[in-house]
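Down below is the structure, laid out as structure tokens.
The values are calculated or read from the model by the stated rules, or taken from the named source; none is laboratory data. Quick caveat: nothing in here was measured; it's all calculated off a predicted structure. Virtual Cβ from ideal backbone geometry, glycine too; neighbours counted across all protein chains shown. Just so you know, the surface numbers come from the protein's heavy atoms only, side chains and all, with ligands and any DNA or RNA stripped out. Shrake-Rupley method; radii C 1.70, N 1.55, O 1.52, S 1.80 Å.
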Amino acid sequence: VQLQASGGGLVQAGGSLRLSCAASGRTFSSYAAGWFRQAPGKEREFVAGITWSGANTYYGDSVKGRFTISRDNAKNTMYLQMNSLKPVDTAVYYCIADPNPRTVVGFHDYNYWGQGTQVTVSS
């Protein structure tokens with residue numbers, strides 16, 4: 001599976017962005033997937049995860065209530081709707097996937113990840 005993230009950009013605090021992650025390969029629909037982010041000088045942070053069917057979703061504490069993860073398996077695409085953005089959300093966002101990750105929040109439990117997309121939130 002190859003993953004391609006897009007949709008990042010510059011937005012003012014309080015604004016919204018929607019990230020997309022397009023996957024190649026017919027197996028993506030059977031993979032758990034999610035988003036991580038990394039800001040300069042900070043550790044990589046779990047943002048959100050979703051099961052293969054989309055029935056279950058998981059969020060990092062810092063984004064709960066503001067971000068929504070979803071997927072459209074018919075389009076081999078995953079999304080991250082980000083609302084009420086804050087300057088602390090500024091980071092490179094990565095999409096990740098794996099057929100059976102050991103944990104939802106462990107970046108190294110996922111075997112596939114794409115290049116990141118930059119999100120910058122100005123105050």
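Name every residue in the range 1-44 that is touching a Phe, Trp or Tyr at 6+ places or on another chain (Cβ under 7 Å) and in a loop (DSSP other than H, G, I, E, B), in order of residue number.
The answer is VAL1, GLY8, TYR31, ARG44.
With the requirement that a residue be open to solvent by 50 Å² or more (accessible area, probe 1.4 Å) and in a strand (DSSP E or B), what does the range 73-91 give you?
Matches in the range 73-91: GLN81 only.
Per-residue answers, yes or no, for (1) under 29 Å from SER122 (Cβ atoms); (2) open to solvent by less than 30 Å² (accessible area, probe 1.4 Å); (3) of a type in the set (A, V, I, L, M, F, W, C); (4) modelled with pLDDT of 95 or more:
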residue	(1), (2), (3), (4)
SER6	yes, no, no, yes
ALA13	yes, no, yes, yes
ARG18	yes, no, no, yes
SER24	no, no, no, no
THR27	no, no, no, no
PHE36	yes, yes, yes, yes
TYR58	yes, no, no, yes
ASP61	yes, no, no, yes
THR68	yes, no, no, yes
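Residues of the range 92-123 being assigned to a strand (DSSP E or B), of a type outside the set (Val, Ile, Thr) and open to solvent by 30 Å² or more (accessible area, probe 1.4 Å), which ones?
Result: TYR94, TYR112, TRP113, GLN115, GLN118, SER122.
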